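Readers should treat all values here as calculations from the given coordinates under stated rules, not as data from a laboratory. Just so it is clear, the model here is predicted, and its values are computed rather than measured. Reconstructed Cβ throughout: ideal geometry from the backbone, glycine too, with neighbour counts over all protein chains shown.
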Amino acid sequence: MQSIYIYNARLISNDRIVYPGYVYVQGSKISDLGEGDINVGEDVKKIDACGKYLSPGFIDIHIHGGGGYDFMDATVEAFLGIANTHVQYGTTGMCPTSLTAETENIYRVLDAYDSALKENKQGSKFLGVHLEGPYLAMGQRGAQDPKYIRNPDPEEYKAILAYSDHIVRWSAAPELPGALEFADYLLQLGKIPALAHTDALFEEAVLGYERGYKLATHFYSAMSGITRRDAKRYAGVIEAGYLLDDMDVEIIADAVHVPAPLMKLIYKIKGPDHIALVTDAMRAAAMPEGPSVLGRLSDGLPVIVEDEVAKLMDRSAFAGSVATCDRLLRNYVYKAEVPLPEVIKMLSATPARILGIQNQKGSLQKGMDADILLLNKDLFVEMTMVEGEIRYQV
């Protein structure tokens, strides 16, 4: 692998922008970086950044598809197609995410992940599987298929977790019978429990947090807020997410699922160290607007993509995101008016820390994986490097 030297860059590192800055990549790692310029050998590939931004790569910990593919298709072609699509938009690492389904279909997704892992040479790196459901609250199912929603079944989830070492997180509703024991078991195996599609009251969310549900999947989407029962008001999961200082939250920052005022509010209360921006993208991401399918092509949910979001065919609710990570970046900078280095942190360092890989990925530092982006002044991706290899370039 050829060594690469990128210079004359606006280097986004350690919560600040250094200019002129450089990064020297040897093999798959960052060998050196800093302000100014250094001498390198004649055999080193040199790239003049021309004053553009150099950023750590984006890590998407919740993504279902893109480029016309969905991970529920459970084929190597689909996995590679999604990875090859999103690498063009700055995603250097991703957690392929399932939908609520029959157990046999979850096994097919895990098999496809295992096969695709060995063949993924051109796209975003796979960082482990995220299972979303089937242990969800029926009243907050969103576009998840109600036929497959059920309570946690120890025999089922223990078998699934024994089947694959690649599962890194599992999203569930913490108020369901058996959900706390489910979290206990996930933690024993070093997996991440995340609360999702939940109707929990504040007290149930806090209890879930104390048992391990320290990450809120797509904050605000498919979760309870303030409700009124018998004339009394009760706080919900959203309020718990704000009041529990150490709870991490995902945001689908497409400015549709979570509009700009809420994006600002979440940032103001939680700060960049506890926010991970995610696409939650479906197969229609990076595709023209029009009809699409959420989930498997064979039996998935028909949807219509318009106004930069997927909707149910009757347009009664959203049915999925079609965002890419670069769009999340621009939305938070331009619509939520958050400083660029802090938005980059929400797309890189914070998700890396949530996954426990902060010593390898998520920031530009010596010895870290060379997952690097070149962004132009308008924050569009012009180059994506994954572990020292340029996998996309304008």
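Across the chain, C-alpha contacts under 8 Å between residues 6 or more apart give a mean separation that, scaled by the residue count, equals a relative contact order of 20 percent. What is the distance in Å between the Cα centroid of segment 217-283 and that of segment 1-50? Rounded to whole Å, the Cα centres lie 37 Å apart. Can you bin segment 169-256 into rounded, prolate or oblate? Criterion: square roots of the alpha carbon gyration tensor eigenvalues sorted a ≥ b ≥ c, rounded for a/c under 1.5, prolate for a/b above b/c, oblate for the rest. Judged from the Cα gyration tensor, segment 169-256 comes out oblate (a/c at least 1.5, b/c at or above a/b). Helix 103-119 versus the longest principal axis of the chain: what is the Cα-based angle in degrees, 0 to 90, to the nearest 10? Once rounded, the angle reads 10 degrees.
The dipole here belongs to segment 125-229: it is taken about the Cα centre, uses +1 on the Cβ of Lys and Arg and -1 on the Cβ of Asp and Glu, and is about 320 debye. Only beta bridges with both residues in segment 151-279 are counted; by DSSP, about 25 percent of them are antiparallel. Normalised by the number of residues in segment 1-128, the mean separation of alpha-carbon contacts (under 8 Å, six or more apart) gives a relative contact order of 21 percent. Short to long, the 5 Å bins of the Cα pair-distance histogram for segment 33-156 hold 2, 10, 17, 17, 13, 12, 10, 6, 4, 3, 3, 2, 0 percent of all pairs. Sorting the Cα pairs of segment 214-287 by distance into bins of 10 Å, from 0 upward, gives 18, 49, 24, 8, 1 percent per bin.
Under 5 Å between amide hydrogens, built in the peptide plane, is the criterion, and for A253 it picks out V278 among residues at least 5 positions away or on other chains.
Most tightly packed first, judged by the mean number of other beta-carbon atoms within 10 Å of their residues, the peptides 31-43, 310-322 read 310-322, 31-43.
Each of the peptides 60-71, 45-56 was scored by the mean count of other Cβ atoms within 10 Å over its residues; in descending order, highest first, they stand as 60-71, 45-56. Using a Gaussian network model of the chain in which every pair of alpha carbons under 10 angstrom is joined by a spring, one finds that among A143, A284, A196 the greatest mean-square fluctuation is at A143.
For the residue pairs K158/K311; K52/K335; K158/K270, the C-alpha atoms sit more than 25 angstrom apart in K158/K311; K158/K270.
Divide the volume of the convex hull around the Cα atoms of the chain by the residue count and you get 130 Å³ per residue.
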